[in-house]
Every structure is written in C-alpha cells, then in structure tokens.
Amino acid sequence: MFPTPFRVVVDANVLFPFTLRDTILRAAARGYFQIYWSEQILEEARKNLVETGATTEEQAERLMATMRRAFPEATVRGHEDLVDAMPNDPKDRHVAAAAVKAGAQLIVTINLKDFASLPESVDVQSPDDFLESLFDLDPDGMAEVIAEQAAALKRPERTVDEILTALAKMVPDFAQAVRDHLAGS
C-alpha cells in the first residue's frame with residue numbers, strides 16, 4: 001500500500017484495551033505502518049490484562065503468542081544497552097530504546113507525559129492522533145478496517161456502530177471521523 005512503511009513502536013497501554021488493540025493491529029496488518037514492540041512491552045501488556053481481570057493468564061499468553069506469529073518482525077531485540085541513555089521517564093525508557101533500535105519514527109502511547117523528552121529521531125503521539133493520521137491518509141481504507149473488525153467478531157457479534165462506540169472512549173476524534181465518513185458515504 002505505502003512504499004516505505006512508517007515504523008511505529010506501540011506502548012503496552014495501547015495493547016491493553018481490546019478494541020483499540022484490534023484496530024491498531026488490523027491497520028498494521030493492512031500495511032499502513034510497520035508495528036514494533038519489545039518483549040518487555042508485551043510482558044507489561046500481558047501482566048496488565050491478567051491483573052485487571054480482563055483475561056485469564058492462559059488467554060493473555062495465547063494473545064501474545066498470536067501477536068508474535070502475526071507480526072514476526074515486530075519484536076525488537078538488542079535495545080537493552082540503549083535504555084539508560086534515553087531522556088524520557090525512567091520507567092518507560094525501554095520503550096524509547098526499542099524505538100531507537102527499530103529505527104521507528106513514532107511511539108504511540110496513552111502516557112504522553114512519560115515521553116516528553118525523546119531522542120530527536122523519535123516523536124510521540126496519542127492513539128487518537130495516530131489513528132486520525134491514518135484516517136486522513138486513507139479514509140475509505142480505515143473505515144474498511146473498522147467494518148472488517150466488526151465482521152470478524154462473533155462472540156459476541158459487534159456492529160460497526162458498537163465498535164465505534166467502544167473506540168470513542170479511547171480515541172474519540174478518530175471514532176467521530178469514521179462515523180462522519182460513513183454517514184457521508
């Protein structure tokens with residue numbers, strides 16, 4: 001779709017909410033960007049899913065294994081030596097280090113304040129701003145991502161409207177843009 005995929009590291013908090021994670025992963029699978037994470041990011045997401053009761057330990061392990069299989073090139077390795085040199089919040093330096101190692105231009109996170117200071121080559125965006133940017137590039141394609149997402153969910157079944165309602169809690173501007181686009185189609 002795009003000649004050179006934009007490289008993006010997703011923080012654990014973006015991989016935690018089911019509907020947001022599903023949208024982000026589907027957009028990556030379509031080739032809108034190249035997704036990256038580290039084992040530490042995946043472990044943090046897995047741990048939070050289990051600790052909050054969102055999933056069982058077994059379900060969380062299966063999810064992480066499925067993500068690794070779907071995106072085998074996504075796991076960043078060898079970034080550990082860079083962690084201490086990162087200028088952002090100490091608890092999230094591993095994310096910035098993974099971005100530098102992957103050559104990522106962007107970190108997508110809900111915790112923007114933890115990434116206020118980053119190496120020059122890396123920027124940070126909220127999931128809402130990121131998905132809005134993807135929508136601006138290809139409104140029809142991103143609307144299709146949401147339609148495919150709704151069609152794929154069987155237990156329970158979900159409509160496009162239900163997906164957008166769920167997304168509106170986390171990425172309200174993106175959800176509204178898709179709604180407006182679909183209403184105008």
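Throughout, read-outs are computed from the coordinates displayed, never taken from laboratory work. Quick caveat, the model's predicted, so the values are computed rather than measured. All Cβ positions, glycine included, derive from the backbone under ideal geometry; neighbour counts span all protein chains shown.
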query: In nm, to one decimal, how far is the modelled label at H181 from the one at L137, with both set 7 Å along Cα→Cβ?
result: 1.2
query: Counting other Cβ atoms within 10 Å, which chymotrypsin sites (Phe, Trp or Tyr not before Pro) in segment 78-135 have at most 10 and lie in a DSSP loop?
result: none
message: Full-extension gain between D81 and E39, please, as 0.36 nm times their residue separation minus the C-alpha to C-alpha distance.
response: 13.6 nm
Calculated FRET efficiency for the pair D161/T56, C-beta based, R₀ 30 Å, to 0.05: 0.55
- line: the chain, Gaussian network, Cα under 10 Å: of V50, V171, V108, the residue fluctuating most is V50
task: Please sort by residue number the trypsin sites (Lys or Arg not before Pro) in segment 57-130 whose DSSP state is loop and whose Cβ has at most 13 other Cβ atoms within 10 Å.
output: R77
- line: Here the gain from full extension of Q105 to A29, 0.36 nm per residue of separation minus their alpha-carbon distance, amounts to 25.5 nm
query: Rounded to the nearest 500, what is the chain's calculated 222 nm mean residue ellipticity when only DSSP H runs of at least 4 contribute -39500 (n - 2.57) each, over all residues?
result: -16500 deg cm²/dmol
- request: Could you tell me which GluC sites (Glu not before Pro) in segment 1-78 are loop residues by DSSP with no more than 14 other beta carbons within 10 angstrom of their beta carbon?
  value: E73
field: Segment D89-E120, extension gain: residue separation times 0.36 nm, minus the distance between their alpha carbons
entry: 9.6 nm
